[in-house]
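**Student:** Take this structure first; my questions come after.
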Amino acid sequence: MAGELGLGYAFAGFINPDGAAPALHGHDASFRPIPNRPAKHRAMLAVSAVVADTDSEAQRLNWSRRALLARMARTGTAPHVPTVDEAARELTQEEKDAPTVITDGCWPRQLAGSPATVRDQIEQMTKTTGVEEVMVQDVIADPLARAHSRALLAQALGVGPDRMAAVS
C-alpha cells in the first residue's frame, strides 16, 4: 500500500528477517510516484546489530538481547536488559551459539561481529533489498560497550557523527 501511495517504507528486519527482502521488493515493484511526493522509491531496512573488536566478543555482548527476548517470551515482560553475566546463566548453549550472520541465505534476527563482519552483512542486506538507508537498533546492557559498538559501526560504514542518531 505504501508503494501504491508513493510513500517511503521502513521494514523491521530484526523482527521478521525472512520477510525483509520480499516486503522491500514488493514496495519497490508497487511504487507509483504521486504529485508533491518524492518521485523516487525510498525504503529503509531496520536491523539489530552488536559490534565489538572481535566476532566472539560481539557474540557474547549479544547474549543480553537474546536473554531479554527469552525473558519476554517466558513472562511477557522484562524490566531491564540483562547483563552479559546474567544472560550467560539464563541462556542455553544453543541460544548463545545461534547465528548472528547470514547463514545459507537465512538472515538472523541480530547481527553481531567485528566491524568488518557486520559491515559485510549490512552491505549484503542492502544489495539484496535495494535499500539505501539502514536503521540500526542495539540492545547492549553495558553503556560503554554500547557506545563502543556504535563508534565501531559508524567507522566501519564510513558514517560521520552527523549521520548517527543515538537513542539510549
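The values are calculated or read from the model by the stated rules, or taken from the named source; none is laboratory data. Computed from a prediction, not measured in an experiment: that's the story for all the values here. A quick note on method: Cβ atoms are made from the backbone with ideal geometry, for glycine too, and the neighbour counts reach across all protein chains shown. In case anyone asks, the SASA skips ligands and DNA or RNA and just uses the protein heavy atoms, side chains included. Shrake-Rupley method; radii C 1.70, N 1.55, O 1.52, S 1.80 Å.
**Student:** Using a simple charge model, +1 on the beta-carbon of Lys and Arg, -1 on the beta-carbon of Asp and Glu, nothing else, what dipole does the chain show about its Cα centre, in debye to the nearest 20?
**Tutor:** Charge dipole, the chain, about its Cα centre: 520 debye, nearest 20.
**Student:** On C-alpha positions alone, give me the angle between the axis of helix 143-157 and the longest principal axis of the chain, in degrees, nearest 10.
**Tutor:** Once rounded, the angle reads 40 degrees.
**Student:** Label residue 73 and residue 5 with points 7 Å out from Cα along Cα→Cβ: what is the distance between them in nm?
**Tutor:** In this crude spin-label approximation the distance works out to 3.3 nm.
**Student:** Suppose R0 equals 22 Å; then what is the FRET efficiency for residue 124 and residue 18 from their Cβ-Cβ distance, rounded to the nearest 0.05?
**Tutor:** Result of the calculation: an efficiency of 0.90.
**Student:** Quick query: amide H of residue 137 versus all other amide H atoms, modeled in the peptide plane; which residues come in under 5 Å with a sequence gap of 5 or more or a different chain?
**Tutor:** Close amide H contacts, sequence-distant or interchain: 47, 48, 49.
**Student:** Might you tell me the accessible area per residue for region 1-61, computed with a 1.4 Å probe and given in Å²?
**Tutor:** Heavy-atom accessible area per residue stands at 54 Å².
**Student:** Could you tell me the accessible area of residue 129 in Å² (1.4 Å probe, neighbours in place), rounded to the nearest ten?
**Tutor:** Rounded to the nearest 10, that gives 10 Å².
**Student:** Take every DSSP beta bridge whose two residues both sit in the chain, then give the antiparallel share in percent to the nearest 5.
**Tutor:** Percentage antiparallel, nearest 5: 5.
**Student:** Bin width 10 Å, origin at 0, all Cα-Cα pairs of region 34-168: what percent of pairs per bin?
**Tutor:** In whole percents, the pair-distance histogram is 12, 40, 32, 12, 4, 0.
**Student:** Would you work out which of 43, 147, 136 lies farthest towards the positive end of the dipole of the chain, given +1 charges on the beta-carbon of Lys and Arg and -1 on that of Asp and Glu, about the Cα centre?
**Tutor:** Final value for the positive-end residue is 43.
**Student:** Would you list 94, 57, 133 from the most to the least accessible area, probe 1.4 Å?
**Tutor:** 94, 133, 57
**Student:** Calculate, in nm to one decimal, what residue 147 and residue 96 gain on full extension: separation in residues at 0.36 nm each, minus their alpha carbon distance.
**Tutor:** Stretched out fully, the residue 147 to residue 96 stretch lengthens by 16.1 nm.
**Student:** So what's the gap between the Cα centers of region 119-148 and region 47-105, to the nearest angstrom?
**Tutor:** Taking the Cα centre of region 47-105 as reference, the centre of region 119-148 is 15 Å away.
**Student:** On to the next question. Cα gyration tensor of region 16-61, axes a ≥ b ≥ c as square roots of the eigenvalues: rounded (a/c below 1.5), prolate (a/b > b/c) or oblate?
**Tutor:** It comes out prolate by the Cα gyration axes.
**Student:** Round to the nearest 10 and give me the degree value, 0 to 90, for the angle of helix 115-129's Cα axis relative to the longest principal axis of the chain.
**Tutor:** Compared with the principal axis, the helix lies near 30 degrees.
**Student:** Could you please state how large a percent of the accessible area of region 60-160 is carbon and sulfur, counting protein chains only and using a 1.4 Å probe?
**Tutor:** 53 percent
**Student:** Then there's this: Once Lys and Arg get +1 and Asp and Glu get -1 on their Cβ, which of 21, 157, 88 lies farthest toward the positive end of the dipole of the chain?
**Tutor:** My answer, from the dipole projection, is 21.
**Student:** Shifting gears a bit: Please compute the contact order of region 5-121 in relative form: average sequence separation of alpha-carbon pairs under 8 Å and at least six residues apart, divided by the residue count, as a percent.
**Tutor:** This gives 30 percent for region 5-121.
**Student:** Add -39500 (n - 2.57) for each DSSP H run of 4 or more in the chain, then divide by its residues: what number comes out at 222 nm, to the nearest 500 deg cm²/dmol?
**Tutor:** My calculation for the chain gives -13500 deg cm²/dmol from helical runs alone.
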